[in-house]
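No value in this document is a laboratory result; all are computed from the given coordinates. Because the structure is a prediction, the values reported are computed rather than measured. Every residue, glycine as well, gets a Cβ built from its backbone with ideal geometry; the counts of neighbours run over all protein chains shown.
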Ligand code: 4NP
């Protein structure tokens, strides 16, 4: 199994969207036995909560299912997951701090938009303080960047996926 963890701040908007989109694509590719993912936040603001209503509405519009409760990133995740994929630079810094504080190492910490070749802005914008259209914008960014990320995984694990 290749294990992917998507990370944002609250784990109710961006990273649950990423998790749901990734799972949907993996299912369509028939790779459920090879690739799994989860999502979490770097804060404790929303632990135990369902995704934001606007996240759920966005996924429903795209006919994609989700089953997730918010949780906080912890040091076991660093050992557990092969890829740690942050939504924005501050999430990535928080992941790197946790790795450093626990004297751990990880070779695969990325921003999801690093996999998009033609973008100047490497952050997935935080849609929390905006409207439903911000969530659709995040969806479109993740739909493309996750396709690119899956291509990256295929190249890195050619014999496997
Ligand atoms: P997320 O969005 O990190 O994409 O889940 C946010 C959710 C909650 C808050 C900020 C961003 N908050 O401040 O509560």
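Quick notes
- Among the conditions (1) closer than 19 Å to residue 24 by Cβ; (2) away from the ligand (no atom under 15 Å from the Cβ); (3) under 13 Å from the mean Cα position of the chain (by Cα), residue 116 misses just one, which is (3).
- Inter-residue pairs, beta-carbon under 6 Å, first on the phi > 0 side of the Ramachandran plot and in segment 37-58, second assigned to a loop (DSSP other than H, G, I, E, B) and more than 9 Å from the ligand (Cβ to nearest atom), 6+ apart: 48/69
- Inter-residue pairs, beta-carbon under 7 Å, first within 9 Å of residue 54 (Cα to Cα) and in segment 116-142, second surrounded by fewer than 18 Cβ atoms within 10 Å (Cβ to Cβ), 6+ apart: 132/57
- Scanning segment 119-161 for residues that are assigned to a loop (DSSP other than H, G, I, E, B), under 17 Å from the mean Cα position of the chain (by Cα) and under 27 Å from residue 31 (Cα atoms) yields a single hit, 124.
- Filtering segment 58-74 to residues that are loosely packed, with under 13 Cβ neighbours inside 10 Å and more than 16 Å from the chain's Cα centre (by Cα) leaves 60, 61, 63.
- Within segment 127-141, the residues that satisfy the criterion of being under 17 Å from residue 113 (Cα atoms) and surrounded by 13 or more Cβ atoms within 10 Å (Cβ to Cβ) are 127, 134, 135, 136, 137, 138, 139, 141.
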